[in-house]
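The values are calculated or read from the model by the stated rules, or taken from the named source; none is laboratory data. What you see is a predicted model; the values in this text were computed from it and never measured. Cβ atoms come from the backbone with ideal geometry, glycine included; neighbour counts cover every protein chain shown. SASA here: full protein model, heavy atoms, side chains in, ligands and nucleic acids out. Shrake-Rupley method; radii C 1.70, N 1.55, O 1.52, S 1.80 Å.
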Amino acid sequence: AILAGSAVAGMAQDVTLRMHYFLPQQAIVPKQGLKVWSDKIEAESDGRIKIQHFPAMQLGGTPPQLADQVIDGVADIVWTLPGYTPGRFPSTEVFELPFIASGPEATSKAFWDFAEANVMDTEFQGMKMLALWVHGPGMIHSKDPIASIEDLNGVKLRAPSRVTNQYFSEVGATPIGMPVPAVPEALSKGVIDATVLPWEVTTSLKISELVENHTEFPGETLYVATLMLAMNQGVYDGLPEDLKAVIDNNSGADLSATLGAVMAEGDEVGRQVAVDAGNTIIELTPEQIAPWKEAGFAVEASWIEEMDGKGLDGQAMVDEARSLIDAYSGE
Amino acid sequence: MRIHAFFLSLSRFMAVLGGLVLSLLILLTVASVTGRALNGLLHSDMAQGAFPGLSQGLLTMGIGPITGDFELVEAGIAFTIFAFLPLTQISGAHATVDIFTATLPRGINRFLVAFWEAVFALVMVVIAWRLYVGMLGKMQYNETTFLLQFPVWWAYAASFGAAVVAAVVTVYVALARWVELLSGCVLPPVDGGADH
Amino acid sequence: MSDFLIGLLSFPLLLLLIFLRMPIGLAMFVVGFVGLSWVTGGTVVALAKLKSETFSTFSSYSLSIVPLFLLMGQFATLGGMSQALFKAAESFLGHLKGGVAMAAVGACAGFGAICGSSLATAATMSQVALPELRRYGYSGGFSTATLAAGGTLGILIPPSVILVIYAILTEQNIAKLFLAAFVPGILAAIGYILTISIYVRLHPDAAGVRQPVPWPERLRALVDVWPVLLVFTAVVGGIYAGIFTPTEGAAVGAFGTGIIALINGGLRGRAWFECFYATAKSTAMIFFIVLGAGFYNGFLALTQVPQELSNWVVAQGFSAWTVLVIILLLYLVLGCLMDSLSMILLTIPIFFPIVSILDFGMSTEEFAIWFGIIVLVVVEVGLITPPVGMNLFVINSMDRETPIGQTYKAVMYFVASDILRVALMLVFPVITLGLLRLFY
Ligand code: NA
Ligand code: NA
């Protein structure tokens, strides 16, 4: 943070915060989430907090380094995915397990509560968490229609996280790792046959032009990815009390739910593009979904075992996440 | 002279080591591309119709892309570049612009070269040190790769080893240039000549 | 001093250091590091960045294409592909007026199709073609100038290391950039052949006469070119057909040329090591510049110089074309002093935000690709413009008998053909974008 303006006696210091993230300014989350949020902070602090946006990794480094950058103070605030650094935030993976999530608003609130109760001082140490949220339900976008697990046999598929990679290996697909921006090229060139993404992301990547089939799991969430907006703890602690209050009033469960909702709105846009393109949207029935869920439990069980190996109580985390999501979904 | 021969051999050894890792990455990538193509072929309707047993058998054997090939390339290429650095340092192969200094007296040029080599040595030592600190962070946070899930610090450690050699060689080159400058005796000339 | 001013002043300081013979990558790194420390009030942030930035730069999957292409070029030389190409071109063109020089250009174009680097193409083809040119009475300056110009085809005709770097800097698709470079590359080769034909008419003493080669021999020479065709088809064809990504294509190409070199006996004994040494030096040099540029650009972004500059340009209301031409002239001047890769890494992060918000009547992506190819051509002109032209130096070091002054004189004809081509590309974007519109 850059402190300035202390010369005028009796006037509190102004603060400039650097916010760093990997997507361009025009993407949905920066435009409708982060910019709106930073405008609100600037307004409520009477302009004493200024937030400079550095989109598209302008300050250097790669997306997996964002977590380190905020802890080390290279940036004051970062938006990133815990999943970019597998192994570092193991507890957050509980929300990425197959079929555990519900609507993005409810799951985001649950995620925030879960983190407050369990990981703010452990895995998130050094960060002042501002929001924790999940995107809308992820689904399969494929060249050939996929209705059953059997249809996945041998399909080369790009999955976004450690857990989803495990899941799709489990159900017989060939998971291929690559960064999201490489997906359109890989799809158009046949390097992959399918990808899993939420609808929101398909708009900018033009996925609906590259594939003709989309497999939805109505009433269920195949998977979600977790996201976080984090501030450097030292910078937050150094703020005067009234500015801390501005940050506090605009962060936490509500901001998490709002950001989840922003992404969910983007989902509708993305789905409409696919409909307008005349693509086939396969909506699986509960009977058809059952075997997919069955396979999900196997991944869940092995995840629990893995967490136990790390000295974390995997089962307790799953139970807690489930009950929080259920509680918020019932609202 | 024998000192120079030692550091030159060390730098060449690192370059060959890096070259071998690069060659392994090439083989790995070619194998993965081939596996992926065969996998697609065996899944095709034609193969499944003509020889279903054979196709299925080969697929069960695991014919397909190599899991985590991207990750291995990333880990390996980092080591390769660090291993390529010592030879670049000792050969003076870094890109420079000498059109303006060419008109200056020889002594000034030698001073400039020695001076920048000293800066380079400092920078390479700092880079190696920070790489070490970065490695400790990756160990502390248990970060792994996506698919193979090997600890990220392994790749850091390999790179750190090569970075230490690069730093040592750069420090040697800087010392050698200063000894040359101050004593007037001349060590083997830099053989230069990188292309791109 | 405001951050913006620090950022702005860092650029002339950087140039000063570079002109004081500070290695370019090191200069960008140090200025970036010191600037970052100044702006953030201490070395904490800069040192924290350095924890992972060296590793992440060196472990970049997309950049790993660079050593692969470089190694491929080394293998191709050892595998005798440069000789085969030159022989074939010479047997068809050698008897024409200035024909041996034309053949050298043709062979450079062919070698460019399997080599990602200008200097490597210039150096490799010189080894093969210089003795032949001298044997048939071609003057020293004309021969070296031809090869220096021909060498630039190494980077214009895909694959191309500089296009890879540009693609990464501007987040464009590598395959599309390669495709767009194709026609301008061929045009360059044709331009050089016409230049040769004009030159030998203006300077009849500059070239000797060679007897035509009988047709059976021509066909035999053509057959020997098959490994080049095979590798080019496999790599470039494979990338477009979707069999693999550009990085995978480079690996396949390196593998293929390696096998061919092995079969042709080019990789005996120490030759294998020499390949690694040459690849090592070029690779580490390039990556260190990339690292330094990353640090410098991170610092510049922090001072908001690129954003403010582009806002300023917009506020002045300059016409898009004026801005573009000024930038290209800057490249031409800078190109007389600096190597092309450093120029791209140093300037694209500053210039690209400025030009990309101007309206040239095409889509953002088309503009990014068109601009990239034009910049590529202009910086490649820098490789052959006196006084500092890397290609001129390389060839000069291989032909000690020819004073560089003679090379400088003759090369100006090729520079003229380059400038004409840039003008054509500016006026007719379809030259660059035609193939792209056809295939995508
Ligand atoms: Na080329
Ligand atoms: Na030049």
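Annotations
- Label-point separation in nm, residue C:4 to residue C:397, each point 7 Å along Cα→Cβ: 4.4
- Each chain gives up part of its surface: B and C jointly bury about 5500 Å² of accessible area, both sides summed, for a 1.4 Å probe.
- Cα shape, the stretch B:2-183, gyration tensor, a/c 1.5 rule: prolate
- Computed E for residue C:359/residue A:56 - FRET, C-beta separation, R0 25 angstrom, nearest 0.05: 0.70
- Interface B:A - total buried accessible surface [probe 1.4 Å, Å², rounded to 100]: 1500
- Computed over chain A with a Gaussian network model linking Cα atoms closer than 10 Å, the most mobile of A:252, A:61, A:296 is A:61.
- Largest accessible area first, the residues A:329, C:10 order themselves as A:329, C:10 under a 1.4 Å probe with ligands, DNA and RNA left out.
- Accessible heavy-atom area order of C:431, C:155, highest first, probe of 1.4 Å: C:431, C:155
- A straight chain from residue B:150 to residue B:132 at 0.36 nm per residue would run longer than the Cα-Cα distance by 4.7 nm.
- Heavy atoms of residue B:178: accessible area, 1.4 Å probe, square angstrom to 10: 70
- Residue A:212-residue C:440 pseudo-label distance in nm [points 7 Å out on the Cα-to-Cβ vector]: 2.4
- The stretch A:1-150: radius of gyration and largest Cα-Cα distance (Dmax), Å: 18.4, 72
- A Förster distance of 30 Å, applied to the separation of the beta-carbon atoms of residue B:100 and residue C:308, puts the FRET efficiency at 0.50.
- Normalising the average separation of contacting C-alpha pairs (under 8 angstrom, six or more residues apart) by the number of residues puts the relative contact order of chain B at 29 percent.
- Residue-level accessible surface for residue C:440, protein heavy atoms, 1.4 Å, Å²: 110
- Considering only C:391, C:311, C:173, the Gaussian network model of chain C with Cα springs below 10 Å gives its largest mean-square fluctuation to C:311.
- The stretch A:59-173: relative contact order as a whole-number percent, Cα under 8 Å and 6+ apart: 23
- Rolling a 1.4 Å probe over the protein heavy atoms leaves residue C:203 with an accessible area of roughly 70 Å².
- Cα→Cβ-extended label distance, 7 Å offset, between residue C:16 and residue A:43, nm: 4.7
- GNM flexibility winner over chain B from B:183, B:91, B:11 (Cα, springs under 10 Å): B:183
- Residues of the stretch C:281-320 that lose at least 30 Å² of accessible area (1.4 Å probe, protein heavy atoms only) when the other protein chains are present, relative to their chain alone, are C:281, C:282, C:284, C:285, C:288, C:301, C:302, C:304.
- Chain A contacts chain C over a buried accessible area of about 1600 Å², both sides summed; the probe is 1.4 Å and only protein chains count.
- Solvent-accessible surface of the protein assembly as shown, taken per residue with a 1.4 Å probe and all protein chains present: 37 Å².
- In the protein assembly as shown, the portion of solvent-accessible area held by carbon and sulfur atoms comes to 65 percent [1.4 Å probe, whole percent, DNA, RNA and ligands not counted].
- The mean sequence separation of alpha-carbon pairs under 8 Å and at least six residues apart, normalised by the residue count of chain A, gives a relative contact order of 25 percent.
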